[in-house]
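Enquirer: First the structure, then my questions, so here it is.
The values are calculated or read from the model by the stated rules, or taken from the named source; none is laboratory data. Predicted model, so just to flag it, every value in this text is computed and none were measured. Here the Cβ is made from the backbone with ideal geometry for all residues, glycine too, and neighbour counts use every protein chain on show. Just the protein is used for accessible areas: all its heavy atoms, side chains included, with ligands, DNA and RNA removed. Shrake-Rupley method; radii C 1.70, N 1.55, O 1.52, S 1.80 Å.
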Amino acid sequence: MSQETDQEGASLIELQEIDQKHHIHPFTAASALRQAPPFLIDGASGCYVSGQGIKLLDMMAGLGCVNVGYGRKEMVNTAAEAMQALSYYHSFSAVSNPTAAALSGLIANLAPEGMNRVFFANSGSEANETVLKLIRYYWRSKGKPEKKIILTRDYAYHGSTLATTALNGNPAMLEPYGLETETGIERVRAPYWYRQGGSDTPEQHWKKAAQDIEDKIIELGAENVAAMFVEPIQATMGAIIPPEGYLPEVERICRKYNVLLVADEVVTGLGRTGHWFAQETFGFKADIMTLAKGLSSGYVPISAVVLHDDIASVVEDGENIFQHGFTTSAHPVMAAVALRNIDILMKEGLVDRVRTDIGPYFAKKLASLADLPLVGEVRTCGLIAGIELVSDKTTRAQYPIEAGICSHVSQAALLRGVIVRPTGNNIVLCPPFIVTHKEIDAAVDVLAEALTEIENAIKAS
Ligand SMILES: Cc1ncc(COP(=O)(O)O)c(C=O)c1O
């Protein structure tokens, strides 16, 4: 190791320089990092992160994952004890470990009825990638190898591997890899009335969005369509919350045409919507679901694919071997941390708190922003929210994305000590489940100031 990369005793400025020189950041314009060094976060507690002498209220829980809050001693101790007991062993063949075994049982107990089989991976992307392979395997095992096409929606985000990227709805993520026209993936409309509803009523819009799915299956031939992926709430692209009735209708269509329904609960799973799973919140049942972020509250990388018995029984039939797995699938330390995380959620009643107390308060406070001129719509469900910015409330016209209005608003909030996430023309909030009423008040006050500042700057320009 060269002297330059030896971290021992390196100053903050040196570390920033090292980072600028050597670290490739995900989803980041290199030009931005050339202009300004990265902000180094080196501590976190509760709902706050800190670094370079600055403390910030993190209304994004990292990337929507730190549900039990940062820096919890129980989590740290559990990780240390688990690592001491069994630092690693794989789960290939017929080997398991106590924490992975217990975690699979606990997930099966919590999951919607009939979802009893669990496969472990390390990230949301890996979990969804696993599902893509499982789906192929399932239909081949059923003697229908031609059932291969996957339906996904505009505004979807399902991951960053090559195959899961192809499922995403944001053209900017597809184009650099030539995935816009990937065969075997078909896109349908999202239930996003605010942006795509035109002159339809919200109800007309979601019914058309659901009808799109049925039309697409008929067009492609149900015998060729393997599965439909849905994020119950399309989180990354602006917290698009489905209207009541939409997801049950999607389920009805999938069942009618023998198309598997996959619920990507990477964000919504483990309590974000006020129930353990968003399938309960929105009244639908999937055949397969994926979990990640909230499974360990981001303390360690772990994800899970949860299969309904009907799917698992085919995949595991006879002498079948599921030719898939990762070196660190069912890692004993990761599983121990996930168990402790769920234990905290249960003991502290955090999922109930999201549904009955802090979630409704969050919705009420954020709704007060709706009167501001820049705000077109405020959407909330449990502890996730999207604030849709507009140039004209009546026509729902938006500012050009290139104008970066949302980035300016989030930057103005950051300068006042609050982290929110700009995405397209939306500001997304996704705070830890332990967020207090006072912290919500402070964040909403800051957002009101930030929105007003940018509104004034637009007027003055
Ligand atoms: C709904 C959804 N699915 C999958 C992923 C991918 O998860 P990961 O970043 O852990 O690979 C994300 C990440 O934001 C997500 O929001």
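Enquirer: For the condition more than 22 Å from the chain's Cα centre (by Cα) and either over 18 Å from residue 289 (Cα atoms) or part of a loop (DSSP other than H, G, I, E, B) (or both), what is the one hit in 182, 175, 186?
Expert: Every option except 182 fails the conditions.
Enquirer: If you don't mind, another one. What pairs can you find where one residue is in region 410-424 and without any contact (Cβ under 8 Å) to a residue 24 or more places away in the chain, the other is polar (S, T, N, Q), and their Cβ atoms are less than 7 Å apart, with a gap of 6+ or different chains?
Expert: The qualifying pairs are 422/407; 422/410.
Enquirer: Could you please find all residues in region 364-423 being among the small types (Gly, Ala, Ser), assigned to a strand (DSSP E or B) and under 17 Å from residue 443 (Cα atoms)?
Expert: 385, 386
Enquirer: I'd like to verify a number: residues in region 424-456 that are of a type outside the set (Gly, Ala, Ser) and assigned to a loop (DSSP other than H, G, I, E, B), how many?
Expert: 8
Enquirer: Return the residues of region 146-167 that are more than 19 Å from the chain's Cα centre (by Cα) and among the hydrophobic types (A, V, I, L, M, F, W, C); say none if nothing qualifies.
Expert: Selection gives 149, 150.
Enquirer: Take residues that are within 25 Å of residue 334 (Cα to Cα) and tell me which of the strands (runs of 3 or more DSSP E) falling wholly in region 8-87 contain 2 or more.
Expert: 43-45, 48-51
Enquirer: So which pairs qualify, if the first residue must be in region 443-461 and without any contact (Cβ under 8 Å) to a residue 12 or more places away in the chain and surrounded by fewer than 20 Cβ atoms within 10 Å (Cβ to Cβ), the second must be of a type in the set (Lys, Arg) and not in a helix (DSSP H, G or I), the Cβ gap must be under 9 Å, and the two must be at least 6 apart or on different chains?
Expert: Here the result reads 445/416, each pair linking region 443-461 to a residue that is of a type in the set (Lys, Arg) and not in a helix (DSSP H, G or I).
Enquirer: Got a sec? Which of 219, 249 is in contact (Cβ under 8 Å) with a residue 24 or more places away in the chain and either crowded, with 22+ Cβ neighbours inside 10 Å or away from the ligand (no atom under 16 Å from the Cβ) (or both)?
Expert: 249
Enquirer: Same structure again: Could you say which residue among 81, 14 is in the same structural domain as residue 275 (by TED's automatic domain parsing), acidic (Asp, Glu), open to solvent by 50 Å² or more (accessible area, probe 1.4 Å) and over 25 Å from the mean Cα position of the chain (by Cα)?
Expert: None of the others qualify; the one that does is 81.
Enquirer: Also, I was wondering about something else. What are the residue pairs meeting all of these: first residue in region 275-294, first residue closer than 15 Å to residue 134 by Cβ, second residue crowded, with 24+ Cβ neighbours inside 10 Å and aromatic (Phe, Trp, Tyr), Cβ atoms under 8 Å, and 6 or more apart or on different chains?
Expert: Every condition considered, the pairs that remain are 289/277.
Enquirer: Return the residue satisfying two criteria in turn: it lies in region 140-171 and is within 16 Å of the ligand (Cβ to nearest atom) and assigned to a helix (DSSP H, G or I), and of such residues it is most open to solvent (accessible area, probe 1.4 Å).
Expert: Restricting to residues being within 16 Å of the ligand (Cβ to nearest atom) and assigned to a helix (DSSP H, G or I), the top hit is 162.
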